[in-house]
Amino acid sequence: MNLSWSLINDNITEKDKQAVIDFLSQEGVRLTQGNKVKEFEKAWSDWLGVKHSIFVNSGASANYIMTAIVRDVKGTGEVIVPPLGWVSDVAPIINLGMTPVFVDIDMRSLAITAKNIENAITPKTKAIVLVHALGFNGLSKEILNLAEKHDLMLIEDCCESHGVQFQNKKVGTFGDISNFSFYFGHHITTIEGGMVCTNNDDLYDLAKMYRSHGMTRDARLSVRKKYEKEYPELNPLFTFAVPGFNLRSTEINAVIGLEQLPRLDVIIKKRSDNLKIWLENLCDDTFYTDFILDGSSNFSLPLILRDDDHDIFSKVCQYLSDQKIEFRKGTAGGGNQTNQPYLKNYDYQICGSLTNVEHVHNFGLYVGNHTELKKEQIELLAHQINDITL
Ligand SMILES: Cc1ncc(COP(=O)(O)O)c(C=O)c1O
């Protein structure tokens with residue numbers, strides 16, 4: 001059996017492409033952000049169970065919007081972030097004049113823990129960024145309580161975790177604000193794309209303004225009226241309330257999203273089934289297999305050695321390369337963000353040790369997970385990997 005597989009297969013179908021062609025074939029069709037974007041936002045909000053969604057051109061853009069909102073609402077200060085996630089969880093914090101404070105992750109959820117977060121809270125803390133990494137739930141009652149008790153904004157990064165559940169509700173609906181990515185390889189794709197989600201009307205207005213140059217014209221009537229009254233000399237169509245960005249997407253991307261969304265639940269089920277097969281067949285003594293699977297919705301198949309064994313890790317990497325199986329060392333975002341050069345010229349803090357993330361950085365990787373994978377193929381790879389580690 002041919003083992004080789006890529007991180008993701010082509011997840012834009014012929015039917016998706018046809019939907020774009022049909023859309024483009026309409027006479028006088030508008031392509032910049034318009035009704036299709038609104039339709040996709042509404043469909044996404046309904047699927048997720050959240051009041052508002054704002055479609056943007058990437059998950060990273062969504063991170064920028066959320067961080068800018070923290071700064072506006074809370075002022076500058078410290079933001080607690082995971083060292084395992086993605087560069088865009090950290091870059092907006094430093095670029096917007098705040099300080100990232102890294103705390104370690106738990107080996108069974110790959111997310112930061114309540115205890116580590118609590119130890120890092122100071123009078124300067126403004127927000128917690130919780131990344132649900134690789135499709136594992138990172139939320140706990142304790143984290144929600146901490147955010148409430150210390151009046152911190154809770155940002156959920158769900159870019160790798162579409163459909164993950166906590167307490168029978170989808171993640172991305174618990175925090176003040178959350179984001180999703182629709183980049184190629186994520187659960188669904190709009191080529192490039194992301195979503196900011198919130199139940200809070202004021203944050204919704206801010207997110208829409210940040211998406212579009214800071215202009216008030218996208219906000220609710222009450223907000224527009226407020227600015228018109230305060231700045232009567234300004235053109236209401238060119239009133240810039242916040243130092244915004246242009247992070248809009250297009251109607252074409254929204255058309256693809258609308259085509260993909262009805263498939264999402266099936267994709268989540270298949271990815272979750274694949275993960276179970278993977279973990280059931282890997283050797284527990286050699287690899288971490290006891291992840292918390294409650295409510296998970298897998299992004300990619302984790303392969304993390306239990307021991308700090310460089311020889312075995314090199315052997316596994318060599319084997320995967322030989323078999324033409326794509327993998328990413330370090331798992332989410334390439335592993336420990338604090339090892340990355342981009343941080344070197346900026347202020348950041350580490351609270352406690354980063355032992356777990358450093359282990360994942362050095363002895364962990366992931367292999368792609370997608371709907372076309374066959375049970376036998378996953379079993380075979382797991383068994384062959386077990387064999388070469390003996
Ligand atoms: C956890 C996380 N956050 C943010 C992003 C950024 O999303 P995008 O690639 O759509 O910019 C990613 C990308 O993979 C991610 O994994």
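General observations
- Per the Kirkwood formula applied to alpha carbons, the range 244-390 shows a radius of gyration over Rh ratio, Rg over Rh, of 1.04.
- Contact order normalised by residue count of the range 55-101, Cα under 8 Å, 6+ apart, percent: 43 percent
- Separation between Cα centres of the range 173-194 and the range 88-134, rounded to whole Å: 19 Å
- For the range 17-34, the Karplus equation 6.51 cos²θ - 1.76 cosθ + 1.60, evaluated at θ = phi - 60°, returns couplings of 5, 4, 4, 5, 4, 4, 5, 5, 6, 6, 5, x, 5, 7, 10, 6, 2, x Hz by residue, with Gly and Pro reported as x.
- CD proxy at 222 nm, helix term only [per DSSP H run n ≥ 4: -39500 (n - 2.57); per residue of the chain; nearest 500]: -12000 deg cm²/dmol
- For the range 55-144: rounded, prolate or oblate by the Cα gyration tensor [a/c cutoff 1.5]: oblate
- Folded to 0 to 90 degrees: helix 251-260 orientation relative to the chain principal axis, Cα: 40 degrees
- Axis of helix 264-281 versus longest Cα principal axis of the chain: the two differ by about 30°, to the nearest ten degrees.
- Evaluated with a Cβ-only charge set (Lys, Arg +1; Asp, Glu -1), the chain carries a dipole of roughly 1160 debye about its Cα centre, given to the nearest 20.
- Shown here for the range 20-71: GluC sites (Glu not before Pro) in loop regions (DSSP other than H, G, I, E, B) with at most 11 other Cβ atoms within 10 Å, namely Glu27.
- Only Cα pairs under 8 Å and 6+ residues apart enter the sum, and on that basis the relative contact order of the chain stands at 23 percent.
- Efficiency of FRET from Cβ geometry, Lys124 and Gln167, R₀ 25 Å, rounded to 0.05: 0.25
- Amide proton proximity set for Gln165, modelled H, under 5 Å, gap of 5+: Val171, Ser296
- Residues of type aspartates and glutamates that Lys169 reaches as a straight line, Cα spacing below 16 Å, ignoring anything fewer than 8 places off in the same chain: Asp46, Glu156, Asp157, Asp265, Asp294
- The length gained by stretching the chain between Tyr231 and Ala43 to full extension, at 0.36 nm per residue less their Cα-Cα distance, is 64.1 nm.
- Cα shape, the range 91-143, gyration tensor, a/c 1.5 rule: oblate
- Of Lys141/Lys270; Lys149/Lys229; Lys329/Lys374; Lys170/Lys329, those spanning more than 32 Å from alpha-carbon to alpha-carbon: Lys149/Lys229
- Per residue, the solvent-accessible area of the chain (1.4 Å probe, heavy atoms of protein chains only, all protein chains present) comes to 43 Å².
- Cα-based shape type of the chain, given that a ≥ b ≥ c are square roots of the gyration tensor eigenvalues and the cut on a/c is 1.5: oblate
- Whole-percent carbon and sulfur share, accessible surface of the chain, 1.4 Å: 50 percent
- The range 19-144 - percent relative contact order, Cα under 8 Å, separation 6 or more: 20 percent
- For the pair Ile388 and Asn95, the difference between a 0.36 nm per residue extended length and the Cα-Cα distance amounts to 101.0 nm.
- Placed amide H near Phe299: partners under 5 Å, 5+ positions off or other chain: Gly135
- Taking the range 360-383 and a reference point 7 angstrom along Cα→Cβ of Asp10, the backbone N atoms nearer than 18 Å belong to 370-373.
- Take every DSSP beta bridge whose two residues both sit in the chain; close to 60 percent of them are antiparallel.
- Extending 7 Å from the Cα toward the beta-carbon at both Cys283 and Leu380 defines two label points whose distance is 2.1 nm.
- Each label point was placed 7 Å from the Cα along the Cα-to-Cβ direction; for Arg220 and Lys74 their separation is 2.3 nm.
The values are calculated or read from the model by the stated rules, or taken from the named source; none is laboratory data. Everything numeric in this text was worked out from a predicted model, so none of it was measured. Backbone-built Cβ (ideal geometry, glycine too); neighbour counts: all protein chains shown. Areas reflect the complete protein model, heavy atoms only, side chains present, ligands, DNA and RNA absent. Shrake-Rupley method; radii C 1.70, N 1.55, O 1.52, S 1.80 Å.
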